[in-house]
Amino acid sequence: MPVCPSCQAEYEASMTRCKECDTALVDKLETNVVSEDTTDVYACYEPQLAVRLTEILNEEGVEVLVRDRSSNLFPTNLGKTAQRVIAVATHDVGRARAAIESAIADGVVPADGEMIER
Ligand SMILES: [Zn+2]
């Protein structure tokens, strides 16, 4: 299944570019897919915000998995209104939260999402 290496959205086989961020799709993600236990840390509705936060977290050495939370509820409504959930390996949660909070505090990204507390 084609997948976007940037925002990790999955597409049908006929798709070649991500409709969210216009990145060329790949057949499967490289090894930076989080394979161990993950924890949701942040939710947002803006695809570009999810992409930017992924970049910021990657710079911190935190691997990120972006899930599309609403796709199960609204399978015909993928796109701008879909809620993106940023998940990281459970042992990276503290670092991920700190990086997101400081990025928002510094105005690097807009505070358009919500931190998911457990
Ligand atoms: Zn994408």
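In region 30-50, the residues that are under 13 Å from E63 (Cα atoms) form Cβ pairs under 8 Å with partners that are part of a loop (DSSP other than H, G, I, E, B) and modelled with pLDDT of 90 or more, at six or more places apart or across chains, as follows: N32/E63; V33/E63; V34/E63; D40/I116; V41/I116. Within region 88-115, which residues are surrounded by fewer than 17 Cβ atoms within 10 Å (Cβ to Cβ) and within 19 Å of C7 (Cα to Cα)? Scanning region 88-115 gives V108, P110, A111, D112, E114, M115. Does V41 fit the bill of being within 13 Å of the chain's Cα centre (by Cα) and at pLDDT 85 or above? Yes.
Per this entry, S35 is not counted among residues that are assigned to a helix (DSSP H, G or I), at pLDDT below 90 and away from the ligand (no atom under 12 Å from the Cβ).
The values are calculated or read from the model by the stated rules, or taken from the named source; none is laboratory data. Everything numeric here is computed off the predicted structure, so don't read it as measured data. Don't worry about glycine lacking a Cβ; one is built from the backbone with ideal geometry, like all the others, and counts go over all protein chains shown.
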